[in-house]
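As structure tokens, the structure follows; a few thoughts come after it.
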Amino acid sequence: MKPYANFFKPLIDFVGALAIVSVLLPVYLIFYILVRATMGFPVFFTQERPGKGEKIFKIYKFRSMVDARDADGNLLPDNQRLTPLGIFMRKTSIDEIPQFFNVLKGDMSFIGPRPLLPRYLPYYTEREKLRHKVRPGLTGLAQIRGRNNLSWDEKLEYDAQYVENLSFLLDAKIALQTVIKVLKGSGVKIQTQDPFLDEERKNRGANKASLE
């Protein structure tokens, strides 16, 4: 694992991201204009995520929701703020393509566990913490095994299995199956908000305590 993970994988990531960013420049420009015209500024959504070694970095996405608020100034629910363009970008994963710049910067890899929220860090089991031994990815083993249809426990278990079995052949398999799934639109469930891992595990702990 080490020669591939420590040298060849980062090299493939940099060269591949540089090539893809160059080719996709017209696509970036088109969607920059579309997002700007339909949703205004900012065009990009940024959010802090923990990467390898739990080092915090900013992830980039095309913005997919407007900042509509109620009479009291509170943001409306996500499903009321997601635009038709945003739905299309999420279904086709176009909202994710700015993350090729994260790969180019070395924050992320093409393949690896998806970067999650910093607030989840205290809620991982020791096994689940394996996900932070590698750089997070644009896609990973959990994504080809079910993507949004998996439970948190299943997703995090697949992340641990990926780290344990990291190899060029596994990365190639994940990349190929990701392309197939994106083209087919399979395993993709357009939803505005996943259940929060920390809240789910707090509730699980509270329920367990109440039964004891």
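Taken together, the values in this text are just the output of simple stated rules run on the coordinates, not laboratory data. These figures come from a predicted structure and were not determined experimentally. Glycine also receives a Cβ, built like all others from the backbone with ideal geometry; neighbour counts cover every protein chain displayed.
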Scanning segment 108-142 residue by residue, the ones that are among the charged types (D, E, K, R), surrounded by fewer than 22 Cβ atoms within 10 Å (Cβ to Cβ) and not in a helix (DSSP H, G or I) total 3
If I go through segment 55-74 residue by residue, how many of them are surrounded by 16 or more Cβ atoms within 10 Å (Cβ to Cβ) and farther than 30 Å from H132 by Cα?
1
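Per-residue answers, yes or no, for (1) assigned to a strand (DSSP E or B); (2) β-branched (V, I, T):
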position	(1), (2)
V35	no, yes
T38	no, yes
F41	no, no
F45	yes, no
R49	yes, no
F57	yes, no
K61	yes, no
G73	no, no
Determine whether segment 46-64 contains at least one residue that is over 29 Å from G106 (Cα atoms) and small (G, A, S).
no
